[in-house]
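First up is the structure itself, then whatever we jot down about it.
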Amino acid sequence: MMPGRCRILGILNVTPDSFSGDGIYVNGGVNVLGALAAARRMIAEGADAIDVGGVSTRPGADEVSEAEEARRVLPVVEACRGLPIWVDTSRGSVAREALKLGAVAINDQRAGDDTTMLPVVANAGCPYVIMHNRGTPATMRSLAVYDDVCTEVWGDLKRVGLRAIRAGVRREQLVYDPGIGFAKTAAQSIALLADLPRRTRRPVLIGASRKSFLGAITGRSNPADRLAASLAVAVHAARSGAAWVRVHDVAATRDALAVQAALSAWPGGRP
């Protein structure tokens, strides 16, 4: 992973309940050509990579079988061959097949809970995102209990990272995601974001786009109305040294980060 500017990971959900409202999942199945068009559009808008996910991980979401996840995700990965595709999966079997089809990174929202995941990632040598989480979508809200959320989340991530390294994953493959909104209250999510500048000595990914904690802050109940709030988090993440932001609104995020980067690069004084 190259140091430098904060990069953009565009979200391509191939699930029936996507925040994106992009019509990729229709009539009980995935519109593969529509997914390819969406991926190409996000790359044209400035995304550095596309994150394809076939399992909803929002609080309260239903479980999805391994076979169904593969049915949703793998045809899209294959259709997008040649594009920088990450796969958002916590199953080693899905990760393995996706990497064979051309995926370049794995985003694991269950941080190696599947014991088959770490050998797959180690053998592939690809970037591997480990995200902090607790429980399942059905139980995570009840598990948002911490004495010190920042210390505990980053301590947990450090332990998972060491476990991955012992399994053969190279340190430079690892990207750390504190799991904003996953088994976290709105206040806990804000605490983790405020604490972020202390944590970016390692590559960090922040995924806060359109999430419910932004609705709690702004009063915007519709996820589609949370663009401004999502951009505020993206700019904060970039200023704090995050390597990646995972977003729905690529073009707007690109513009916001471009302005932030220009301001950060300005040496001071008058032109």
query = Considering only the stretch 181-236, how many residues are among the hydrophobic types (A, V, I, L, M, F, W, C), touching a residue at least 24 places away in the same chain (Cβ under 8 Å), farther than 15 Å from Ala252 by Cα and out of contact with any Pro (no Cβ under 6 Å at 6 or more places or on another chain)?
reply = 13
query = Counting only residues that are polar (S, T, N, Q) and more than 28 Å from Leu36 (Cβ to Cβ), which one in the stretch 103-122 is modelled with the highest pLDDT?
reply = Thr116
ask   = Taking the stated definitions as given, is Gly135 touching a Pro at 6+ places or on another chain (Cβ under 8 Å), part of a loop (DSSP other than H, G, I, E, B) and surrounded by fewer than 18 Cβ atoms within 10 Å (Cβ to Cβ)?
value = no
ask   = When you scan the stretch 36-68, how many residues do you find that are of a type in the set (Asp, Glu), surrounded by fewer than 22 Cβ atoms within 10 Å (Cβ to Cβ) and under 15 Å from Asn107 (Cβ atoms)?
value = 1
request  = Would you be able to say whether some residue in the stretch 54-62 is on the phi < 0 side of the Ramachandran plot, not aromatic (Phe, Trp, Tyr) and not in a loop (DSSP other than H, G, I, E, B)?
outcome  = no
message = So for the stretch 167-178 (the condition being at pLDDT 95 or above, part of a helix (DSSP H, G or I) and charged (D, E, K, R)), does at least one residue qualify?
response = yes
query = Are any residues in the stretch 216-260 within 19 Å of Ile43 (Cβ to Cβ) and either basic (Lys, Arg) or in a helix (DSSP H, G or I) (or both), and if so, which ones?
reply = Ala234, Arg246, Val250, Ala251, Ala252, Thr253, Arg254, Asp255, Ala256, Leu257, Ala258
ask   = Which residue pairs have Cβ atoms under 7 Å apart, sit 6 or more places apart or on different chains, and have a first residue in the stretch 120-143 that is closer than 16 Å to Trp154 by Cα and a second that is loosely packed, with under 15 Cβ neighbours inside 10 Å?
value = Arg134/Leu143
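Do you know which residues across the stretch 169-209 are of a type in the set (D, E, K, R), surrounded by 23 or more Cβ atoms within 10 Å (Cβ to Cβ) and under 22 Å from Ile50 (Cα atoms)?
Selection gives Asp177 alone.
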inquiry  = If a residue must be modelled with pLDDT of 95 or more and surrounded by fewer than 19 Cβ atoms within 10 Å (Cβ to Cβ), how many such residues does the stretch 8-35 contain?
reply    = 0
Search result, residues across the stretch 228-255 that are under 23 Å from Ala191 (Cβ atoms) and surrounded by fewer than 21 Cβ atoms within 10 Å (Cβ to Cβ) = Ala228, Ala229, Leu231, Ala232, Val235, His236, Arg239, Ser240, Gly241
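The values are calculated or read from the model by the stated rules, or taken from the named source; none is laboratory data. Just so it is clear, the model here is predicted, and its values are computed rather than measured. Glycine gets a Cβ as well: all are built from the backbone with ideal geometry, and neighbour counts include every protein chain shown.
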